1. Among Leu70, Leu98, Leu78, determine the one that fluctuates most according to a GNM of the chain built with springs between C-alpha atoms less than 10 Å apart.
2. Using 0.36 nm per residue, how much length does the chain from Arg222 to Cys286 gain when fully extended, once their Cα-Cα distance is taken away?
3. Report the antiparallel proportion of the DSSP beta bridges in the chain as a percent, rounded to a multiple of 5.
4. Please compute the modelled spin-label separation between Glu263 and Arg108, points set 7 Å along Cα→Cβ, answer in nm with one decimal.
5. As an exercise, take the mean of 1/r over every pair of distinct alpha carbons in the chain, invert it, and state the Kirkwood radius in angstroms.
6. By the gyration tensor of its Cα atoms, with a ≥ b ≥ c the square roots of the eigenvalues, what is the shape of segment 211-311: rounded for a/c under 1.5, prolate for a/b over b/c, or oblate?
7. With only alpha-carbon atoms in the gyration tensor, what are the semi-axes of the equivalent ellipsoid for segment 156-252, in Å, largest first?
8. Using helices alone, what [θ] at 222 nm do you get for the chain, with -39,500 (n - 2.57) per DSSP H run of 4 or more residues, divided over all residues and rounded to the nearest 500?
Amino acid sequence: MRTSRPGPKPRCKRCRAPAVVQLHSHHTAFCRDCFLFYFQRQVQRAIDSEHMFTREEPVLVAVSGGKDSLALWDVLQLLGYRTTGLYLNLGIGEYSTLSRAKVEAFARERNLPLLQVDFAAEGHAIPDVVALTRRPACSACGTAKRHHFDRVALEHGFPVVATGHNLDDEAARLLGNVLRWDMNYLARQSPVLMPSHEKFARKVKPLFRLSEYETAAYAFLRKIDYVVDECPNAAGASQLLYKDVLQRLEAEMPGTKQSFVLEFYRRARRLLFQEALGAPTTCSRCGLPSHRPICRFCSLLDEVTSKRTSAPPTSHTSPV
């Protein structure tokens, strides 16, 4: 009885050394050094092709302690950009404690500047907000994050905020928006969100060409210590379901996610641009731009204050 012999081990596309990373969507493989070169080149290509920022502009990098945001901060530093990290402590118990420790260690070891905002200290830790308002955790968290991105950027003079959204994130978001036919969100889905008001920062996603697998491989090869666990509030989120569906498609048809996202950017977003909201006015409470008299974040805080006044809850936060 014949036994099949294992096939030849893959070789690096660039230098022919033994490969350590295989990218089925590109039908290629790389050794460690060539993969890191490829990763950096993909980020630089994203920055240049979408005109995200220049080397003269200071970049505020939103970091959560996860692999994507820390990989982004790392690669931007290696590429020579001027960066400062921004960590938002969401007040989610041990998860936030660990996340903050990872971010602080990363910044300390590389001597990088880091700004921090403590939601619990400001009176709106995410678990408390969710318990009081009964809003979905991801919705409340997203509202608070977007507000603080713009507030911190404005206060510290950053024209651009970079986030670690990767190809999988963008594909899942696009699938959800298509399933709902949310024309406003589809019109605004882009690697670069230009500010519609002088108090808004430009939002960019330099990792949009790279998959979650690629950012994980980069973090591993660069020995970046990051939080492995998902946010405990993410359980049951529709984004995770969309990612699972897309991953199953990707396994059968490599390159599906990349084609889905990049072809949308190339073909569809110009047609949808007219659907985007017009210029915002100013929130009467915090002074930041808003399409409503009171912005979503201040409305959220009003709801929290109202519920606390009527029935003070037991705190869901833990010391940080």
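1. Top of the fluctuation ranking is Leu78.
2. Details: separation 64, 0.36 × 64 = 23.04 nm, distance 4.05 nm.
Value of the extension gain: 19.0 nm.
3. Values: 8 of 23 bridges.
Close to 35 percent.
4. 4.9 nm
5. Roughly 21.2 Å, rounded to one decimal.
6. oblate
7. 24, 21, 13
8. Counting only the DSSP helices, I get -14500 deg cm²/dmol.
No value in this document is a laboratory result; all are computed from the given coordinates. Please read all numbers here as calculations on a predicted model, not as lab measurements. All Cβ positions, even for glycine, are placed from backbone atoms using ideal geometry, and neighbour counts span all protein chains on display.
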